[in-house]
1. Quick one: how many lysine pairs in the stretch 5-187 have C-alpha atoms under 18 angstrom apart, if they're 8 or more apart or on different chains?
2. Pick from Leu140, Leu176, Leu64: which is most flexible by mean-square fluctuation in a GNM of the chain where alpha carbon atoms under 10 Å apart are linked?
3. Starting from the Cα of Ile82, step 7 Å along the direction of its Cβ; do the same at Thr7; then give the gap between the two resulting points in nm.
4. Just rank Leu152, Leu31, Leu190, fewest to most, by other beta-carbon atoms within 10 angstrom.
5. Loop-only chymotrypsin sites (Phe, Trp or Tyr not before Pro) in the stretch 43-129, please: DSSP not H, G, I, E or B, and at most 15 other Cβ atoms within 10 Å.
6. Name the residues of the stretch 21-40 whose amide N is less than 17 Å from a point 7 angstrom out from the Cα of Asn129 along the C-beta direction?
7. Given the options Pro26, Ser124, Val180, identify the residue whose Cα lies farthest towards the positive end of the charge dipole of the chain (+1 on Cβ of Lys, Arg; -1 on Cβ of Asp, Glu).
8. Taking the Cβ of each residue in Asp20, Asp130 as the centre, tally the other Cβ atoms inside 10 Å and list the residues starting with the fewest.
Amino acid sequence: MNVQIDTILTLTFTLFAVIDIVGSVPLLISLKEKLGGIREFRATAISGGLMILFLFAGESFLNLLGVDVRSFAVAGSIVIFILGLEMILGIEFFKSEGDAKSGTVVPIAFPLIAGSGTLTTIISLRANNDEVPILIAIVLNLVIVYTVLKSLNLIEKLLGKAGLLAVRKFFGVVLLAIAVKIFSSNVGELIK
């Protein structure tokens, strides 16, 4: 099978923009402090497993649960919206259990890395592309995600407390905007 490099690059950049791991750095640092650590490999593996599951069986899986893609996207957008509010207002909605295991799965692996936006994007990409280039794009993004998760301490040192606070507030607004966009583009069809 001849896999075109330009297709893989396009798919990789599309997923990179939707996952937005770089934009999530301030939230990830704050979650790392709150949880007492992040299990980087586990978060990457679980989010990768979700992405691959949705690549091969996404719509069927949601249909089995009686949930359509739009409902799934709206639910994910609400979680992302709440995370954005946390970042901007400094109010804690997701109570910390001080357990890096549980925090690694929710909210880090899902919905931050493999959120409704990412999973619905994968389902959408599947409609127009073969599985292999999408799978390669997912793996390349997982390498980036793992690298960023492993580098959080370095990133925190480079930004400093004031820089981190400013970036955190800015990306909180970005998360709110992403949540509103996902919500508004999907909720209309649910109300009809």
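No value in this document is a laboratory result; all are computed from the given coordinates. Everything numeric in this text was worked out from a predicted model, so none of it was measured. Neighbour counts run over all protein chains shown; Cβ positions are idealised from the backbone, glycine included.
1. Step by step, the pairs that qualify in the stretch 5-187 add up to 15.
2. Of the options given, Leu64 has the highest mean-square fluctuation.
3. Going by the 7 Å Cα→Cβ label model, 4.0 nm.
4. With the fewest neighbours first, Leu152, Leu31, Leu190 line up as Leu190, Leu152, Leu31.
5. On the way: sites: Phe54, Phe56, Phe61, Phe72, Phe81, Phe93, Phe94; in loops: Phe93, Phe94.
Those satisfying the criteria are Phe93, Phe94.
6. Correct set: 21.
7. Pro26
8. Sorted ascending by nearby Cβ count, the order is Asp130, Asp20.
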